[in-house]
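Notes for the one structure printed next.
The values are calculated or read from the model by the stated rules, or taken from the named source; none is laboratory data. Keep in mind that this is a model prediction, so the values were computed, not measured. Methodologically, a virtual Cβ is constructed for each residue, glycine included, from the backbone with ideal geometry; neighbour enumeration extends over all protein chains shown. When the accessible area is computed, the model is the full protein with side chains, heavy atoms only, and any ligands, DNA or RNA have been set aside. Shrake-Rupley method; radii C 1.70, N 1.55, O 1.52, S 1.80 Å.
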Amino acid sequence: MNHQNHQPNHQGERPAMLKVTGLQKIYNGGATAVEAVRDLTFELAEGELVCLVGPSGCGKTTLLKCIAGLMAPTGGTVELADRPVLAPPPGMAVVFQEYGRSLFAWMSVRDNVELPLKEKKLPKARRTELVTESLEAVGLTGFADSYPWQLSGGMQQRVAIARAIAYEPQVLLMDEPFAAVDAQTRADLEDLVREIWQRLGVTVLFVTHDIDEAVYLGERVLVLSNSPTVVQDDITVDLPVERDQLTTRQDERFTDLRARVYAQIQRAKRGTDQPVA
Ligand SMILES: Nc1ncnc2c1ncn2[C@@H]1O[C@H](COP(=O)(O)OP(=O)(O)O)[C@@H](O)[C@H]1O
Ligand SMILES: [Mg+2]
């Protein structure tokens, strides 16, 4: 796949890769049931980069776990390339927020990145190639023999990203992956995500609570309401494909989009039935 000339999204022109229809999730843990997600319906076209924002506790992680086939929804369906997701599908990779816990401490960086490739039963030569390439892509060449605990938080998160891209997924799910890294690293990692997305043509669903990050990264921003959650707004980010931390963020259009997402989030926090102020 080569999407060097990635154009901003025009939904409907590319085939759907991920389809979420009427998704509902009720947790039945203790004495009371918690309806985390009420009714979510949206699609990601093949090769699209969509950001998902919403108030804390609105069900973003719940949604990603259902999409990844790690948890069964109470109602509704998830489809990946027209096939229902009932268990973790082979074409999907997830980068979680708690990268510290998602890496194996006793395995070197190389072994961490290679593990899913072994599960995919790729031959050794190809595995080595993919590990080398993906570590290079995240700027960790030379750290293959290090252990996660020897690296900073930002570097550990880059290992988790390398592991996800080495796997060459059709769909990449990222759950607030940069919440715990410093601002400079975060900016670098944001640019890395866009670079990888353009290079590999992978479909990306990126969850964040950061409005600027959502607008900077996405071709589209989905705003979720407060729990019980529905899709409150679906905003096309009509910024140029080539983005830059300085000029893009100063662009008047960026500021407008940011304001719109901000207003929707404020509305989401007040509850779905309130009009925008
Ligand atoms: N395992 C669980 N059991 C019961 N309630 C849960 C569980 N996981 C999450 N919740 C509840 O579901 C809602 C959504 O949580 P979550 O998906 O983590 O939101 P977000 O990622 O947007 O912060 C919250 O009210 C949370 O307390
Ligand atoms: Mg979460």
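If only the Cβ of Lys and Arg carry +1 and only the Cβ of Asp and Glu carry -1, the dipole of segment 147-277 around its Cα centre is close to 260 debye. Charge dipole (Cα centre; +1 on Lys/Arg Cβ, -1 on Asp/Glu Cβ; no other charges) of segment 61-141 amounts to roughly 260 debye. Summing +1 for each Lys or Arg and -1 for each Asp or Glu among the other residues whose beta-carbon sits under 14 angstrom from that of Thr77 gives -1. Taking Cα centre as origin and charging only the Cβ of basic (Lys, Arg, +1) and acidic (Asp, Glu, -1) residues, the dipole magnitude of the chain rounds to 760 debye. With the simple model of a label 7 Å out from the Cα in the direction of the Cβ, Glu119 to Gln250 spans 4.5 nm. Round to the nearest 10 and give me the degree value, 0 to 90, for the angle of helix 109-119's Cα axis relative to the longest principal axis of the chain. Computed tilt is about 80 degrees. Here's the list of lysines a cross-link from Lys25 could span, going by alpha-carbon distance under 18 Å and ignoring same-chain residues fewer than 8 apart: Lys60, Lys65. From Cα pairs below 8 angstrom and at least 6 apart in sequence, can you work out the relative contact order of the chain, rounded to a whole percent? That works out to 26 percent.
Excluding the site residues themselves, the longest part of the chain lacking any trypsin sites (Lys or Arg not before Pro) in a DSSP loop with at most 16 other Cβ atoms within 10 Å is 122-277.
What's the angle, to the nearest 10 degrees (0 to 90), between helix 183-200's Cα axis and the longest principal axis of the chain? Once rounded, the angle reads 80 degrees. Hydrodynamic radius of segment 158-277 by the Kirkwood approach over all distinct alpha-carbon pairs: 15.3 Å. Summing charges over neighbours of Gln24, with a neighbour being any other residue whose Cβ is under 9 Å away from its Cβ, gives 0 when K and R count +1 and D and E count -1. Beta bridges from DSSP with both residues in the chain: antiparallel share about 50 percent, rounded to the nearest 5. Spin-label model, Lys269/Glu13: points 7 Å from Cα along the beta carbon direction are separated by 3.6 nm.
Taking every protein chain into account, the accessible area of the chain amounts to 47 square angstrom per residue (probe 1.4 Å). Along the axis of the charge dipole computed for segment 103-157 (Cβ charges of +1 for Lys and Arg, -1 for Asp and Glu, origin at the Cα centre), the listed residues Val109, Trp149, Ala125 are led at the positive end by Ala125. With all protein chains in place and a 1.4 Å probe, the accessible surface of the chain carries 50 percent carbon and sulfur.
Here is the list for segment 176-261: GluC sites (Glu not before Pro) lying in DSSP coil, each with at most 15 other C-beta atoms within 10 angstrom of its C-beta, are Glu242. Calculated from the alpha-carbon coordinates, the chain shows an Rg and a Dmax of 18.5, 58 Å respectively.
Between Ala259 and Asp234, residue separation times 0.36 nm minus the direct Cα-Cα distance comes to 7.6 nm. Take the Cβ atoms of Arg101 and Ser56, set R0 to 22 Å, and the FRET efficiency comes out at 0.70. Estimated from helices alone, the mean residue ellipticity of the chain at 222 nm is -11000 deg cm²/dmol (sum of -39500 (n - 2.57) over DSSP H runs with n ≥ 4, per residue).
Largest first, the extents of the alpha carbon coordinates of segment 69-178 on the three principal axes equal 45, 30, 22 Å.
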